[in-house]
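Scroll down for the structure; my scribbles are underneath it.
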Amino acid sequence: MTAPATPVAADRPPVRAARGGAVHGTPRRRGGRATPWIYLAPALVVLGGLLVYPVYQLGLISFLEYTQAQVSGGEPTTFQGLGNYATLFRDEEFWRVLLATLLFAAACVLGTLAVGCALAVLLTRVRALPRLALMLAGLGAWATPAVTGSTVWLLLFDADFGPVNRVLGLGDHSWTYGRYSAFLFVLLEVVWCSFPFVMVTVYAGIRAVPAEVLEAAALDGASPWRVWRSVLAPMLRPILVVVTIQSVIWDFKVFTQIYVMTGGGGIAGQNLVLNVYAYQKAFASSQYSLGAAIGVVMLLILLAVTLVYLRLLRRQGEEL
């Protein structure tokens, strides 16, 4: 007597998949979509308290008449709508300061990226001891507070006792007297305290590149510049995007270096940038609503620059 034949897998009815990818007959995981948000909730609460609420208050004050009279309670606060922005945009000094800020920030970003990337490549070509010394020196510059670094640079470039003028044979030349020399003076300090972030980040990215790729480029006779331009830069593009956006944000809102090294904006305000200009409007002139309006304009410019930059990279097919 023969045993009954076992049905083959082909004779079985197909297993039907339920919605959401779950197989029919298996219990669906409840709350799966909410789980990531539960983990992110503490960080979102902190960001909401430290970022969203201050930005809301900044935008609110920019629509009000908020001067020393309203702060002290002598006059009621009134709603101005876009009046503060209209006053700001009619001010010729605002447009002059905005143009100077854009040019100064662009020069700082380019200088920081150039120095940081060059030293990152240099770190891969030197021995352990020089590499350690360069890393420690860079991290020391990065860890120096902005006020301290600015004061040290003022001493180094002092017209009477600074060693830089003596070495260069410039006599009693004052770096903060002329508009362009003062901007260059501050730019050098900003690059000095900013390049270590780019250097360390790009160096970490270079170390992650397979050695076989660099060896193949060297065997093909590529120069160091060609290796960087054709091999390293495309592979490090996501990292370069991060350091570029970070540098744009930092350099566009430079305050301490300008305020300390040029004495609050230079002679007759010739070295003002938007952050110092907003400080003068808000605290020196007690026009807090105008200072808030400048802050909102800066926020919108930074958001626009970041979004446009990311959009251009997306069009090029880069994954961020």
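The values are calculated or read from the model by the stated rules, or taken from the named source; none is laboratory data. Quick caveat: nothing in here was measured; it's all calculated off a predicted structure. A quick note on method: Cβ atoms are made from the backbone with ideal geometry, for glycine too, and the neighbour counts reach across all protein chains shown. Only protein heavy atoms, including side chains, enter the accessible area calculation; ligands, DNA and RNA are left aside. Shrake-Rupley method; radii C 1.70, N 1.55, O 1.52, S 1.80 Å.
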What is the set of long-range amide H partners of Leu64 at a cut-off below 5 Å, with H atoms built 1.01 Å from backbone N? Gln80
Hey, any idea what % of the range 237-282's accessible area is carbon plus sulfur with a 1.4 Å probe? 60 percent
Between the range 100-143 and the range 152-227, the Cα center-to-center distance that results, in Å: 6 Å
Just one of (i) 52, 50, 40; (ii) 115, 67, 31; (iii) 50, 49, 37 is Cα extents along the principal axes in Å as worked out from the coordinates here. Which one is it? (ii)
Let's see if you can work this out: charge +1 on each Lys and Arg Cβ, -1 on each Asp and Glu Cβ, no other charges. What is the dipole magnitude of the range 146-264 about its Cα centre, in debye to the nearest 20? 260 debye
Anyone know which of Gln280, Gln70, Gln246 comes out most mobile in the 10 Å Cα GNM of the chain? Gln70
The range 261-294 versus the range 45-67: alpha-carbon centroid distance in Å: 20 Å
With no solvent and one equal point scatterer per Cα, compute the Debye intensity ratio I(q)/I(0) for the range 157-293 at 0.08, 0.14, 0.18, 0.22 Å⁻¹ and report its log10, rounded to two decimals. -0.38, -0.83, -0.99, -1.21
Enter the angle in degrees (range 0 to 90, nearest 10) between the Cα long axis of helix 146-156 and the first principal axis of the Cα atoms of the chain, meaning the one along which they spread out most. 50 degrees
With +1 on the Cβ of every Lys and Arg and -1 on the Cβ of every Asp and Glu, and nothing else charged, how large is the dipole of the range 84-143 about its Cα centre, in debye rounded to the nearest 20? 480 debye
Roll a 1.4 angstrom probe over the protein heavy atoms and tell me the percent of accessible area of the range 42-102 that is carbon or sulfur. 71 percent
For the chain, what is the calculated [θ] at 222 nm in deg cm²/dmol (nearest 500), taking -39500 (n - 2.57) for each run of four or more DSSP H residues and dividing by its residue count? -19500 deg cm²/dmol
Mind listing the phi-derived Karplus ³J(HN,Hα) values for the range 216-231, rounded to whole Hz, using 6.51, -1.76 and 1.60 with θ = phi - 60°, and x for any glycine or proline? 5, 5, 5, 5, 6, x, 6, 6, x, 5, 5, 4, 5, 6, 9, 10
Accessible area per residue, 1.4 Å probe, Å², for the range 196-297: what's the number? 44 Å²
Angle check, please: helix 288-315 long axis (alpha carbons) against the longest principal axis of the chain (alpha carbons), in degrees 0 to 90, nearest 10. 40 degrees
Compute the helix-to-body angle for 53-62: its Cα long axis versus the longest principal axis of the chain, expressed 0 to 90° and rounded to tens. 40 degrees
